1. Quick one: how many residues across the range 227-268 are under 27 Å from Trp215 (Cα atoms), touching a residue at least 60 places away in the same chain (Cβ under 8 Å) and part of a loop (DSSP other than H, G, I, E, B)?
2. Mind checking whether some residue in the range 183-198 is buried (at least 22 other Cβ atoms within 10 Å of the Cβ) and on the phi > 0 side of the Ramachandran plot?
3. Please work out if Val79 is touching a residue at least 60 places away in the same chain (Cβ under 8 Å) and away from the ligand (no atom under 11 Å from the Cβ).
4. Scan the range 270-295 for residues that are more than 13 Å from the chain's Cα centre (by Cα) and either at pLDDT below 95 or of a type in the set (Asp, Glu) (or both) and jot them down.
5. Please count how many residues of the range 280-300 are surrounded by fewer than 19 Cβ atoms within 10 Å (Cβ to Cβ) and either touching a Leu at 6+ places or on another chain (Cβ under 9 Å) or without any contact (Cβ under 8 Å) to a residue 60 or more places away in the chain (or both).
6. Report yes if some residue within the range 33-50 is within 13 Å of the ligand (Cβ to nearest atom) and out of contact with any helix residue (DSSP H, G or I) (no Cβ under 6 Å at 6 or more places or on another chain); otherwise report no.
7. Among the numbered criteria (1) surrounded by fewer than 10 Cβ atoms within 10 Å (Cβ to Cβ); (2) at pLDDT 80 or above, which one does Gly31 miss?
8. Val316: under 24 Å from Pro162 (Cα atoms), in contact (Cβ under 8 Å) with a residue 24 or more places away in the chain, touching a Gly at 6+ places or on another chain (Cβ under 9 Å) and surrounded by 15 or more Cβ atoms within 10 Å (Cβ to Cβ), yes or no?
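The values are calculated or read from the model by the stated rules, or taken from the named source; none is laboratory data. Every value quoted in this text rests on a predicted model; they were computed, and no experiment measured them. Cβ sites come from the backbone with ideal geometry, for glycine too, and all protein chains shown count toward neighbours.
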Amino acid sequence: MPPALPRALLLVLVVVAARWLPLWGLVALFGLPLLAYGLLANRTRRHAVAGARVLVTGASSGLGRALAHEAARRGASAVILVARRVERLEAVADEIRGFAPACTPVVLPCDLLDPEAIATTLDAVVEEHGTPDIVVNNAGAGAWEHIEESTAEAARRMVDVPMMAAVHVTRVLAPRMITRRRGHVLCVTSAASVTGLRAAVVYGAARWGVRGLAWNLRADLAGRGIGVTLLNAAEVTDTEYFAEGPGRAGAQSHSRLPMVFQHPAVKAVSYTSAQTAVAAWDAVEGGTFEALVPGYMLWPIDVLNALVPDAVYAVVGLGDPGKR
Ligand SMILES: NC(=O)c1ccc[n+]([C@@H]2O[C@H](COP(=O)([O-])OP(=O)(O)OC[C@H]3O[C@@H](n4cnc5c(N)ncnc54)[C@H](OP(=O)(O)O)[C@@H]3O)[C@@H](O)[C@H]2O)c1
C-alpha cells in the first residue's frame, strides 16, 4: 500500500466518525488515544543542569553561546566551550564569570572538521576536568545552495560540521558516560530537516543527518542511563549564521528560506537565541526527546507532516525563493 493511502484512509475515517458519532464517541475514539500518546511519546531520560559539567560545541557565537549562558544560569558547575575562535570563546567565558561565579568556564579551541583533533582535545579535557555530564552538539555551518552550486569541498564541510562532528564528539564521550550510566546528549538541528527544500540540498541533508543521529542515539543509548534530546529550531533571529564572510551562510542563503518563513508575521514571532536556549534546556530537564522550537510554529507543521507530508512540502515550495 502506498504510504499516502493509510493517511488518506485515516482522514476519511475521522470525517465519517465526526459525521456519525456523538461527541463522547469521538472523544473515546480519538481524544483518549491521542492524550495517552501525547503523555507517553517523545520521552527520554531527563537530566538536571544544576551541578552538571556541560560541554557545548559552537559556543563562540549565536545559539551555542546562548546555550552555554543558560546552562551557567541554571547552575552548571562547569561549561566547556568548544569552537575555533579562541578570542570569542574567551569573551563568552568572561561573560559567564561575570554573572555566574559558581560556574567554571573552560575554553577548548578545536576545529571540529578534524576527528583526530576532536579525540585528542576531548581526552585532554576529560583528564583535567572529568567527563561532561551533558554534551551539546550545536556547531554547524553551511550555505543554502542548489546541488550544482556545492563544490566537493564545501559539501564535505557542510556535512562534517554539524553531522560528523556530532558523531565524533559523541563517539569519544559516550563510552565514559555509559560506564557511569549517567549523561545526556543534546543535538541541535533545524527545521530544514522536516521536508525537502529548494536550494538547501546539502545543508538540509546534513540537518536530516543530525535528526537521524539523534533518533539512533536515542535507541542505542536507551537503558544505558543516557538521555538524548533533539532540538529542532526554526530560524533563530540573532545568530551569525546568515552573516557574510568565510564559512558563513550569507544573505543569499537567507533569501532562499521558504517564503512562509520570510513572512514578516512569522519573523515577528521567531525566537532569539536566548529564548531557544531556554526551550532547549527545559526539554533536557523535562525529559523531552524532540523539542520543536518555537512550538507554535513547528508543532502544526509536525502534525501536518505526519498526516499529509506532501502538503507541507508543497507549501514550503511556494513562491520564488531559490528558484533557478
Ligand atoms: N540561525 C538559525 O536560524 C538556526 C536555526 C535552526 C538551527 N540552527 C542551528 O544552530 C546551530 C548553531 O548555529 P548559529 O545559528 O548559532 O550560527 P553561528 O552563530 O554561526 O554559530 C555557529 C557555531 O559553530 C561553530 N563552528 C562552525 N564550524 C566549526 C568548526 N569547524 N569547528 C568548530 N566549531 C565550528 C562556530 O564557531 P567558530 O567559527 O568559532 O569555530 C560557531 O560557534 C547550527 O547547528 C545551526 O544549524 C540555526
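1. 6
2. For the range 183-198, residues buried (at least 22 other Cβ atoms within 10 Å of the Cβ) and on the phi > 0 side of the Ramachandran plot: present.
3. Judged against the criteria, Val79 is not a match.
4. Asp282, Glu285
5. 6
6. So far as the range 33-50 goes, no, none of its residues is within 13 Å of the ligand (Cβ to nearest atom) and out of contact with any helix residue (DSSP H, G or I) (no Cβ under 6 Å at 6 or more places or on another chain).
7. All conditions pass for Gly31, except number (1).
8. Yes; evaluated as a whole, the condition is true for this residue.
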